[in-house]
Amino acid sequence: MLTQKPTETNKYNNTLEFETVLNHSFANYKKIVLYAGLALFVFLFFFVIFLSAVSASIIGTENINERSIENFQKLLQTKPYIWYSTGFSILSTCLLSPFMAGFYKMADAAEKDTSFGVSGLFSMYTSRQFVPIVAVTFLIGLATNGLSLVFEEIGLSFVGLILTIIISFVTLLTIPLIVLGNCSALESIKTSTTIVTKQPIAILMLVIVAIIGTFLGLFAFCIGVFFTYPFLISVVYTIYNQVSSFEETV
């Protein structure tokens, strides 16, 4: 009988087989792609409209033109506006994170062949995991964006980029650990780092394949990415599911 003990690292099955994980990911992806893609497209469509409406009301529609947009983009690259822009980016990511976390619930339901409505994607906003999800998103966003800005300031933007990629990689499993494993924010970071660093090559190869698969959607008038992004969710979910399962001893 398989049981999950995500907070006990000694219970993890640390052997990931690339082909097995990939096959399970494809199987999971086929179950969620339609609902997940449509939900992602519709939600982000209205989210962008909302942000555009807010921006237009603040700036004024009569002041929005090509020249003003170019000037605004240049302004965002100067101090202190670059910090404001970074803060807004982190805040937006935190607001979206519970919705994005809901896709792992959908992937888990698909794996277990249980029903999961699109409305369930919003369940994280009212669940007890809301605070840990937002907290871990804020901490990771603060670390990655902060390092990028600091190293860019001293002329070592490439170093900042490398550190950002490393942090994003080792914290890959934080959201599944919170949503499905009931971990706290700090516990999810620690546990995810432990899991990923035990077999980084296998997980890195899987993530690269998932990212390549996701970006293939850009060739379908960019809209296709909404239907290929769930593949990344399925891969991360399957990695979590594989490493957090163990044979229960009687």
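Side notes on the structure shown:
- Pair Leu44, Glu17: separation of 7 Å Cα→Cβ label points (nm): 3.4
- In this simple spin-label approximation, Tyr125 and Phe169 carry label points 7 Å from Cα along the Cα→Cβ vector, and these lie 3.5 nm apart.
- The Cβ shell under 13 Å around Tyr104 holds other residues with a net charge of 0, Lys and Arg each +1, Asp and Glu each -1.
- The string of couplings for the range 146-155 from the Karplus curve (6.51, -1.76, 1.60, θ = phi - 60°) is x, 5, 4, 5, 5, 6, 5, 5, 9, x Hz, one whole number per residue in order, with x for Gly and Pro.
- The calculated FRET efficiency for Ser92 paired with Ala27, based on their beta-carbon distance and R0 = 35 Å, is about 0.60.
- Amide H contacts for Cys183 (H built 1.01 Å from N in the peptide plane; partners 5 or more residues away or on another chain; cut-off under 5 Å): Ile178.
- Averaging Cα coordinates gives a centre for the range 28-55 and one for the range 105-159; these two points are 16 Å apart.
- By average C-beta atoms within 10 angstrom, highest first, the peptides 207-213, 227-233: 227-233, 207-213
- The loop-placed trypsin sites (Lys or Arg not before Pro) in the range 122-225, going by DSSP, that have at most 15 neighbouring Cβ atoms within 10 Å of their Cβ come out as Arg128.
Each reported figure results from applying straightforward, stated rules to the coordinates on display, with no laboratory input. Predicted, not measured: the structure shown is a model, and the values here were computed from it. Positions of Cβ are generated from backbone atoms using ideal geometry, with glycine treated the same way; all protein chains shown enter the neighbour counts.
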